[in-house]
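The values are calculated or read from the model by the stated rules, or taken from the named source; none is laboratory data. The structure displayed is predicted, hence computed values, not measured ones. So basically every Cβ, Gly included, is an ideal-geometry build from the backbone, and we count neighbours across all protein chains shown. Quick note on the areas: whole protein, heavy atoms, side chains included, nothing else; ligands and nucleic acids left out. Shrake-Rupley method; radii C 1.70, N 1.55, O 1.52, S 1.80 Å.
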Amino acid sequence: MQNTHIRHQFRLLRYSIVVFLILCKSLAPAKAQQIIHMQEHDQKLFYFGITLAANQSNFKLSHSDLFLKTDTIMVAEPLKTVGFNLGLLANMRLNRRFDLRFNPQLVFANKDLYYKEQYQAETETTKKIESILVSFPIQLKFKSDRFGNFRVYTITGLKFDYDLASNGRARRAEDLVKVKNSDYGYEIGAGFEFYFPNFIFAPEFKISNGIGNVHVKDKNLRYSNVVEQLQSRMIVFSIHLEG
């Protein structure tokens with residue numbers, strides 16, 4: 001199930017990139033008519049920017065052994081929700097092809113869980129798990145040659161997330177599913193740089209997945225004890241404005 005979900009994420013990322021490339025090619029002006037902007041930019045050791053992004057997030061859920069034994073909770077599954085990110089960008093040039101990038105962000109996301117249970121009557125319940133993440137990703141950026149005022153790049157890296165809204169220490173938690181306040185994971189994606197006279201406009205598609213299990217196990221919580229593991233999954237579309 002995990003491999004299927006990851007393959008679906010990569011398929012969505014690949015299709016998005018292909019569609020975007022087709023649009024870019026159709027909208028690009030003829031090479032002979034282009035004025036090359038910011039020609040000195042490739043020689044900068046450092047440059048900075050801001051990030052605005054939208055995300056689609058959810059959990060990868062693994063059921064516990066108790067889920068198979070219980071006769072009340074029949075369905076426990078994650079739901080996909082939409083959020084947004086705000087961030088800063090610092091880029092260091094390593095050589096002609098590679099940059100090291102630090103992109104700290106404030107991420108607003110919900111990772112809801114859906115339950116269907118049978119006790120006297122069938123009921124449906126959604127447990128909302130709100131997150132305000134401070135994310136610290138460090139990425140290696142691989143750049144193509146410039147095609148006039150256009151460039152393609154890919155990124156890969158690691159991240160550490162700290163959840164400011166974590167309920168992992170909540171005392172009155174009878175109806176909660178508790179999650180830890182820290183997580184770590186990997187990121188992979190691709191983007192496009194459009195050079196204008198005074199700035200760079202860079203749309204980017206990225207998969208940002210957690211590796212650790214953020215579920216706080218508690219056998220006394222009825223919605224929690226049917227869950228074994230929760231791992232974060234996120235697809236992010238970002239707009240970087242760089243100088």
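Observations on the structure shown:
- Under-5 Å amide H pairs with Ile129, H placed in peptide plane, nonlocal only: Lys111, Asp112, Leu113
- Amide H contacts of Lys180: His215, Val216, each under 5 Å away and 5 or more positions distant or on a separate chain (H built 1.01 Å from N in the peptide plane; Pro and chain starts excluded).
- Efficiency of FRET from Cβ geometry, Thr123 and Asp71, R₀ 25 Å, rounded to 0.05: 0.95
- Cross-link pairs Lys111/Lys206; Lys141/Lys180; Lys69/Lys178 - those with Cα-Cα distance over 20 Å: Lys141/Lys180; Lys69/Lys178
- With a simple spin-label model that places each label point 7 Å from the Cα along the Cα-to-Cβ direction, the separation between Lys219 and Phe48 comes to 5.3 nm.
- Solvent-accessible surface ranking, highest first, for Leu221, Leu68, Leu106 at 1.4 angstrom: Leu68, Leu106, Leu221
- Over region 67-114, accessible surface divided per residue gives 52 Å², non-protein components excluded, 1.4 Å probe.
- Taking every protein chain into account, the 1.4 Å probe leaves Leu52 with about 90 Å² of accessible area, to the nearest ten.
- Full-extension gain in nm, Gln56 to Phe136, via 0.36 nm per residue minus C-alpha separation: 27.0 nm
- Using a probe of 1.4 Å, the accessible surface attributed to Phe199 totals some 80 Å² when neighbouring protein chains are kept in position.
- Largest to smallest accessible area among Lys111, Lys116 [probe 1.4 Å]: Lys116, Lys111
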